[in-house]
Amino acid sequence: MKDYSMSTQETSVTPTGKSGPVLLRVFNQDRFAGLVVVALIILALQIASQFAPHYIAPPPVLIAEKLWTQLTSLWDEILITLLRLAIALAFAMLIGTILGIVMGMLPRIRPYVRSLVVIDTGIPALSWMLIAVFWFREPEIRIFFIMSVILVPFYALNVFDGIRSLPKEWLEMCESFRPNRWQVLRYLILPHIIAYVFSTTRSVIGYATRMVIFAELIASAVGIGAQMGLAQANFDIASVFAWTLFLVVLNIFSQFLVALLEKRVLRYRPEVEVR
Amino acid sequence: MSPQSNAAIQNGEEPAILLDSINKSFGSVVAIENLSFHVNKGEIVSFLGRTGAGKSTALNLIMGNFGPTKGRVRVMGMDPNKDFKKLRQTISVGFQTDRLLPWRTTVENVELGLLILREPKAQAREKALEWLDRVNLTAAANLYPHELSGGMRQRASLARALAIDPEILLLDECFSQLDHVTSQTLRADVSEVIRKYNKTCLFITHRIDDAIEMADRILVLGAPARLLLEESPTEEDRTDRDKFRILHDKIAAALGVDA
């Protein structure tokens, strides 16, 4: 077979960007600043607790004790919140991606779906929460509904944007093989929009955490939000601080996990660092 | 009235590509005006024209991406626009830019067309690896496009176009982004593969040298796309420096007349 080989000998390969060390480097750079800020907050709380009553400014030690109690005895409340968050995020990701694809691939339906999504983004989260209380009796359904209607538009609009930004050259290349619509979706659009799904998840995960807590506060008797409501009713500000601290750590950790997963799934992308 | 292609249709058999009195307008802009030519099976025809001469419009008509405003386009006897799906595996395109998908490795990019043609996965991989071997990219099979040099990317792109074993290969200035040496070597290699497998090739370029070196027939287009000159370079034209220069100047003059 070698007799008709293309003879061009070119073996140079540009260096591969390694993902691991970059992540580690960013973490190291940010870690010092983060630790300094945390130390300053603890110090400020400690100083404030010397001058204000503990129901306004609890000392850090009391907050730590409350946090320990929550982690050891209220883990089921934490688990419920995490489950609600995960299920709602997964559902919103699925439905939002489907709506984004519908908008991107079906021009006739696009204006209707887009209008629906845009109207949804204009409705305040609080309105959805109150509507959910009227419409549904079951707290789980209420929370699921609230989370879904709030999160779906983020995915739908970002995925739609992703499809719109698909380079025309790639589409022409793919169409030169005369694929059907399913093949265009499978080989071109789905792999292209994965990056958009990840960036949406990174952007909304903090917002989603806040929303699930808010929804639990309004619409449920179990979960971290409900526990925070209970702490407020009991003038237990140390517990509120402890839950808040937990949520901050949870948010940072979940962002880190998504970023890690994103790095792995999108490993084909070259590392670019702006000096 | 622009001249019509006067090359004979081989043995009276249906040409691989036929454009008959084609007009194509986009709104008030006329891209192609009364263009007629054909490409016989197994022939390499080069399309030469300045930027904006409507070469890409003609290519899109042949690919079936849209139909003509007036006239008749036939590819292997079929209307490429109306019979779009029927021409699966008949036409393949080597583009100006490599258009490799960044999330697919080199071998996955090469097998893309085969997978779209519903070739079983294992068979598609085997064929893709064979083509990577032919273009000397075996070592880069599992690298992503951003890890390849420009020449390697373009070779992978050509391997992708050839892997589906098309009857007609359309090359749209696919060597123009490469440096002279790489371009020359790759062009010779592709030309060899096309002749070895008796493929039909329509090669769009704006480089006169490329056209003379590669084509059996050269069609020079003016703007809007209409035939200005048709030449059939001989082996002597390619090897004899003086003859090469004479042909080169003749084509350049034709292009200059249009300027």
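A few points about this structure:
- As a calculated quantity, the FRET efficiency between A:Lys263 and A:Val61 at R0 = 35 Å, using C-beta atoms, amounts to about 0.40.
- Summing Cβ point charges (Lys, Arg +1; Asp, Glu -1) relative to the Cα centre of the protein assembly as shown gives a dipole of roughly 960 debye.
- Binning the C-alpha pair distances of segment A:70-265 at 10 Å intervals from 0 yields a P(r) profile of 9, 31, 30, 18, 9, 3, 0 %, listed from the shortest bin outward.
- Electrostatic bookkeeping for B:Pro68 treats Lys and Arg as +1 and Asp and Glu as -1; over the other residues with beta carbon under 12 Å from its beta carbon, the sum is +2.
- Net charge in the neighbourhood of A:Gly229 (other residues with Cβ under 12 Å of its Cβ; Lys, Arg +1, Asp, Glu -1) is -3.
- Cβ-derived FRET efficiency at R0 35 Å, A:Asp161 paired with B:Arg88, nearest 0.05: 0.65
- The string of couplings for segment A:193-205 from the Karplus curve (6.51, -1.76, 1.60, θ = phi - 60°) is 7, 4, 4, 6, 5, 5, 5, 5, 4, 4, 6, 8, 5 Hz, one whole number per residue in order, with x for Gly and Pro.
- Relative contact order %, chain A, counting alpha carbon pairs below 8 Å whose residues are six or more apart: 25
- Computed 3J(HN,Hα) for segment B:154-163, one whole-Hz value per residue from the Karplus formula 6.51 cos²θ - 1.76 cosθ + 1.60 where θ = phi - 60°, is 5, 5, 5, 5, 5, 4, 4, 5, 7, 4, glycine and proline marked x.
- Carbon/sulfur fraction of accessible area - chain B, other protein chains in place, 1.4 Å, %: 48
- For segment A:79-231: accessible area per residue (Å², 1.4 Å): 47
- A Cβ-based charge dipole, computed about the Cα centre of segment A:77-171 with Lys and Arg at +1 and Asp and Glu at -1, lands at about 320 debye.
- Percent antiparallel among DSSP beta bridges (both partners in chain B, rounded to 5): 45
- Cross-link pairs B:Lys199/B:Lys243; A:Lys168/B:Lys86; B:Lys55/B:Lys250; B:Lys85/B:Lys196; B:Lys55/B:Lys121; B:Lys55/B:Lys196 - those with Cα-Cα distance over 25 Å: B:Lys199/B:Lys243; B:Lys85/B:Lys196; B:Lys55/B:Lys121; B:Lys55/B:Lys196
- The chymotrypsin sites (Phe, Trp or Tyr not before Pro) of segment A:55-111 that meet both conditions, a loop assignment by DSSP and at most 15 other Cβ atoms within 10 Å of the site Cβ, are A:Tyr55.
- Cleavage-rule hits (chymotrypsin sites (Phe, Trp or Tyr not before Pro)) in segment B:140-233: DSSP loop, at most 16 neighbouring Cβ within 10 angstrom: B:Tyr197
- About the Cα centre, charge dipole magnitude for segment B:98-165 (Lys/Arg +1, Asp/Glu -1 at Cβ), debye: 140
- Projecting the alpha carbon convex hull of chain B along each direction and taking the average yields 14.3 nm².
- Once the convex hull of all Cα atoms in the protein assembly as shown is built, its volume per residue stands at 208 Å³.
- Coarse-grained scattering of segment B:98-165 at q = 0.16, 0.20 Å⁻¹, given as base-10 log I(q)/I(0) from a Debye sum over alpha-carbon atoms: -0.41, -0.65
- The residues of segment B:98-165 expose on average 31 square angstrom of accessible surface per residue, using a 1.4 Å probe on protein heavy atoms.
- Among the trypsin sites (Lys or Arg not before Pro) within segment A:54-148, those in coil by DSSP and having at most 15 neighbouring Cβ atoms inside 10 Å are A:Arg108, A:Arg137.
- Cα→Cβ-extended label distance, 7 Å offset, between A:Ser203 and A:Glu169, nm: 2.6
- On chain A, 70 percent of the accessible area sits on carbon and sulfur atoms, based on a 1.4 Å probe.
- Between B:Lys70 and B:Gln123, the FRET efficiency estimated from the beta carbon spacing at R0 = 60 angstrom works out to 0.90.
- With at most 13 neighbouring Cβ atoms within 10 Å, loop trypsin sites (Lys or Arg not before Pro) (DSSP) excluded, longest segment of chain B: B:119-259
- Number of partner chain Cβ atoms within 10 Å, mean per residue of B:98-104: 6
- Counted residue by residue at 0.36 nm each, then reduced by the alpha carbon distance between them, the extension gain from A:Ile95 to A:Asn234 reaches 46.1 nm.
- Extension gain, A:Ala221 to A:Ile141: 0.36 nm times the residue separation minus the Cα-Cα distance gives 27.5 nm.
- Counted residue by residue at 0.36 nm each, then reduced by the alpha carbon distance between them, the extension gain from B:Arg50 to B:His248 reaches 69.8 nm.
- Peptide A:176-186 shows a mean partner chain C-beta count of 6 within 10 Å per residue C-beta.
The values are calculated or read from the model by the stated rules, or taken from the named source; none is laboratory data. Because the structure is predicted, anything quoted here is derived from the model rather than measured. Because the Cβ atoms are built from the backbone with ideal geometry, glycine has one as well, and the counts that use them run over all protein chains shown. The area values use the complete protein model at the heavy-atom level, side chains included, leaving out ligands, DNA and RNA. Shrake-Rupley method; radii C 1.70, N 1.55, O 1.52, S 1.80 Å.
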